[in-house]
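Derivation of every value follows stated rules applied to the coordinates shown; laboratory data play no part. From a predicted model like this one, the values you see are computed outputs, not experimental measurements. Virtual Cβ from ideal backbone geometry, glycine too; neighbours counted across all protein chains shown.
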Amino acid sequence: MSTTETENTSGARRRRRQARYGEEAIESVTIRYFPNPEPNRDYFVQIRLPELTFKDPVSGYPDFAVATMVYVPDARIVDLKTLKLYFNSFRDKYFSHERITNELFDELLAGLEPRGALLMMEFNPRGNVSTRVVTTTDDAFLARARDVLELPVTRPAF
């Protein structure tokens, strides 16, 4: 990493950090999608991203979550590298648990147009309270995805 020195108004020198290549990739990310290699078959894809970070909109404190996406592809599948970078782009943004879950889900639904999908976000405990937010395309998909996610047979209380 290289730095440049600049002079501020008081004449003192300070260092300004240039963005690292990973930060540049995160800032400019667009999720890519590829053709489904088996479009005539229903199969589940489960993607787990265990390091989602963002900030609480009230306190500004960091929040942490594990995101688990399950979908049955139609015409497209998601590129995992750009998906990871997209999830990393939330690190310095402010969201409630509910808002970030639904925003991520809407973005993925728009790009994938899957036959069915579910996003489960499990948030680290804050103030001795843990939260899980689940959104799905429909209850029938939730029932089909239970075994993949190892969810309880009864509908979880949200």
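For this structure, a couple of remarks:
- Other residues within the sphere of radius under 10 Å centred on the Cβ of Lys55, judged by their own Cβ, net out at -1 (K and R +1, D and E -1).
- Relative contact order of the range 32-149: 28 percent, from C-alpha pairs under 8 Å at least 6 residues apart in sequence.
- Kirkwood-Stokes translational diffusion coefficient of the range 44-158, alpha-carbon pairs, 25 °C, 0.890 mPa s, µm²/s: 168
- Gained length - Glu51 relative to Arg115, 0.36 nm times residue gap less alpha-carbon distance: 20.4 nm
- In order along the range 36-49, the Karplus-derived 3J(HN,Hα) couplings, from 6.51 cos²θ - 1.76 cosθ + 1.60 at θ = phi - 60°, round to 5, x, 9, x, 8, 10, 7, 8, 8, 10, 10, 10, 10, 10 Hz, and Gly and Pro are given as x.
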